[in-house]
Amino acid sequence: MTTPRSIAIVGAGFMGVGLARIFRDKGWPVAAFDVDAGVLDALVAAVPGTRAASSLRDAVADAEFVIEAVSEKPALKQAIFAEMAACTRAGTVLASNSSVIQVGVITANVPDEHAGRCIGTHFWNPPELIPLVEVIAGPRSADWAIDTAMAVLADAGKEPVRVRADTVPGNRMQHALWREAIALVQEGVCLPEEVDHIVRRSFGLRLAALGPIENADLIGLDLTQQIHDIVFPVTNRSDAANPLLADKIAAGALGAKSGAGFYDGWTDQRTAAVKKRLADHLDEQLG
Ligand SMILES: NC(=O)c1ccc[n+]([C@@H]2O[C@H](COP(=O)([O-])OP(=O)(O)OC[C@H]3O[C@@H](n4cnc5c(N)ncnc54)[C@H](O)[C@@H]3O)[C@@H](O)[C@H]2O)c1
């Protein structure tokens, strides 16, 4: 198998910029496309050497490996995958960076003869710094497409991990925590900054060295069982987003991008400082 080198990024927003940088930094040809010309220009300015494509077809027609990073909308991704399947070569792998939408849903409109080469590759934010990428097979994905993605990502310096089902395990775990964190604020148990302080200065410190399953073995599964029997009845089990989010969104408080969210006083400077704090921490952790 010859590992693909020619990369296309579809969707030049937040993740698209980082994705383009990963492959551009390897010296591989990268083309990008976005419906928003301003966003595409910004990507090329941030990642010089990336080619700004004039259309989706122009971006993907000669690519060997395509990563879709458009907005998290099922119908949009379905339309893009159907179009990409129709205008790419038979050996080109089409990968979605979706955080939570199943590959089977994203590829619903892709004919069987093209579905084998459609998969998920879930990069984490910031994609150029977080090593792990979840590689996800949908119900019709072919082994060769998964194997190709594993090889491309490893060559690009990432740590690809093959997921055993059509789901994103990392985000299921992450958002189980976020559900509880937001519920603690909504119930008045903690202020937002107290939630973050508790996580950052207690179990959050451990997580990079000790995952939850190994930790359960370490403290004992009997103790784990006792704790879960007591704590699970008081944890949040809602199957929808917390209404506190809807209240804040309705009030125009969307977080950093609108100046306020759970915290007030988000300025461009503060946003940049928080991103730098994260990048410095990751650099230090990863050596
Ligand atoms: N932001 C994160 O932390 C993060 C992390 C992991 C995965 N993801 C996933 O990556 C994807 C992109 O997320 P993002 O945060 O970069 O979003 P974003 O909003 O920053 O960028 C999405 C881009 O898609 C473009 N777009 C919309 N319709 C398009 C079309 N028809 N053709 C081409 N481009 C189109 C938009 O103009 C926009 O620039 C989503 O599926 C998201 O779930 C995001």
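Where a number appears in this text, it was derived from the coordinates with a stated rule and is not lab data. Given the structure is predicted, the values throughout are model-derived calculations rather than measurements. As a convention, Cβ positions derive from the backbone with ideal geometry for all residues, glycine included, and neighbour counts pool all protein chains shown.
Order these peptides, 7-20, 198-211, by their mean beta-carbon neighbour count within 10 angstrom, highest first. List each step's numbers first, then the result.
On the way: 7-20: 25.0, 198-211: 11.3.
Ranked by mean Cβ neighbours within 10 Å, highest first: 7-20, 198-211.
Here the Kirkwood formula, the inverse mean of 1/r across different C-alpha pairs, assigns segment 54-117 a hydrodynamic radius of 11.7 Å. Quick one: of the DSSP bridges fully inside the chain, what percent are antiparallel, nearest 5? Restricted to the chain, the bridges split so that about 20 percent are antiparallel. Only lysines eight or more places from LYS257 in sequence, or on another chain, were considered; those with a Cα closer than 27 Å are LYS73, LYS77, LYS248, LYS275, LYS276.
A Gaussian network model of the chain, with springs between Cα atoms under 10 Å, assigns the largest mean-square fluctuation among GLU194, GLU68, GLU134 to GLU194.
Given +1 at the Cβ of Lys and Arg, -1 at the Cβ of Asp and Glu and no other charges, the dipole of segment 142-204 around its Cα centre is 100 debye to the nearest 20.
Given a 10 angstrom Cα cut-off, can you work out which residue in ALA42, ALA137, ALA251 is the most mobile in a GNM of the chain? Its mean-square fluctuation being the largest, the pick is ALA251.
Database remark: amide H of ALA260 closer than 5 angstrom to the amide H of LEU254, GLY255, TRP266 (H placed geometrically; neighbours at sequence offset of 5 or more, or on other chains; Pro and chain starts carry no H).
Grab the beta carbon distance between ASP283 and ALA37, set R0 = 30 Å, and tell me the FRET efficiency rounded to 0.05.
Values: r = 33 Å, r/R0 = 1.10.
That pair, ASP283 with ALA37, gives E of 0.35.
Fully extending the segment from ASP264 to ILE249, taken as 0.36 nm per residue of separation minus the present Cα-Cα distance, adds 4.0 nm. The sum of -39500 (n - 2.57) across all DSSP H runs of n ≥ 4, divided by the residue count of the chain, sets its helix-only mean residue ellipticity at 222 nm to -14000 deg cm²/dmol.
Treat the count of other C-beta atoms within 10 Å as a stand-in for reagent exposure and order VAL35, VAL110, VAL152 from fewest to most.
Values: VAL35 14, VAL110 22, VAL152 25.
Going from sparsest to densest Cβ surroundings: VAL35, VAL110, VAL152.
The calculated pair-distance distribution of the chain uses every alpha carbon pair, bins of 5 angstrom beginning at 0, and gives 1, 5, 10, 14, 16, 15, 13, 12, 8, 4, 2, 0 percent. Positive contributions from Lys and Arg (+1) and negative ones from Asp and Glu (-1), summed over other residues with Cβ under 13 Å from the Cβ of ALA86, come out at +1.
Model label points for SER202 and GLN186, set 7 angstrom from Cα along the Cα-to-Cβ axis, are 2.1 nm apart. So how tilted is helix 143-155 from the main axis of the chain? Cα-based, degrees 0 to 90, rounded to 10. Between helix and principal axis, roughly 80 degrees. With the charge dipole of the chain set up from +1 on Lys and Arg Cβ and -1 on Asp and Glu Cβ about the Cα centre, the Cα lying farthest toward the positive end among the listed residues THR92, PRO169, GLY252 is that of THR92. If a spin label sat at a point 7 angstrom from the Cα of ASN109 along the line to its beta carbon, the backbone N atoms of segment 80-96 nearer than 12 Å would be those of 80-86.
Computed about its Cα centre, the charge dipole of segment 1-134 is approximately 200 debye, with only Lys, Arg, Asp and Glu carrying charge at their Cβ.
Between ASP222, ASP196, ASP36, the Gaussian network model of the chain with springs among Cα atoms under 10 angstrom shows the greatest mean-square fluctuation at ASP222. The Cα center of segment 163-188 and the Cα center of segment 142-157 differ in position by 28 Å. Kirkwood analysis of the Cα pair distances in segment 181-287 returns a hydrodynamic radius of 16.8 Å. Placing a label point 7 Å from the Cα of GLU72 along the Cα-to-Cβ direction, the residues of segment 88-103 whose backbone N falls under 11 Å from that point are 98-101. Each residue of segment 180-192 is assigned a 3J(HN,Hα), and the resulting list reads 5, 4, 5, 5, 4, 5, 5, 7, x, 6, 9, 6, x Hz, derived from the Karplus form 6.51 cos²θ - 1.76 cosθ + 1.60 (θ = phi - 60°), x at Gly and Pro.
Between ILE227 and LYS276, the C-beta separation translates, for a Förster distance of 45 Å, into a calculated FRET efficiency of about 0.75.
Taking square-rooted eigenvalues a ≥ b ≥ c of the alpha carbon gyration tensor, is segment 53-176 rounded, prolate or oblate, where a/c under 1.5 means rounded and, failing that, a/b exceeding b/c means prolate?
Numbers: a/c = 1.44, a/b = 1.30, b/c = 1.11.
In terms of gyration-tensor shape, rounded.
If you fit an axis through the alpha-carbon atoms of helix 268-286 and take the longest principal axis of the Cα set of the chain, what angle between them do you get, 0 to 90°, nearest 10? It works out to around 90 degrees. For segment 206-250, taking Cα atoms only, Rg and Dmax work out to 15.8, 45 Å respectively.
For segment 245-287, the alpha carbon convex hull comes to 69 Å³ per residue, rounded to a whole number.
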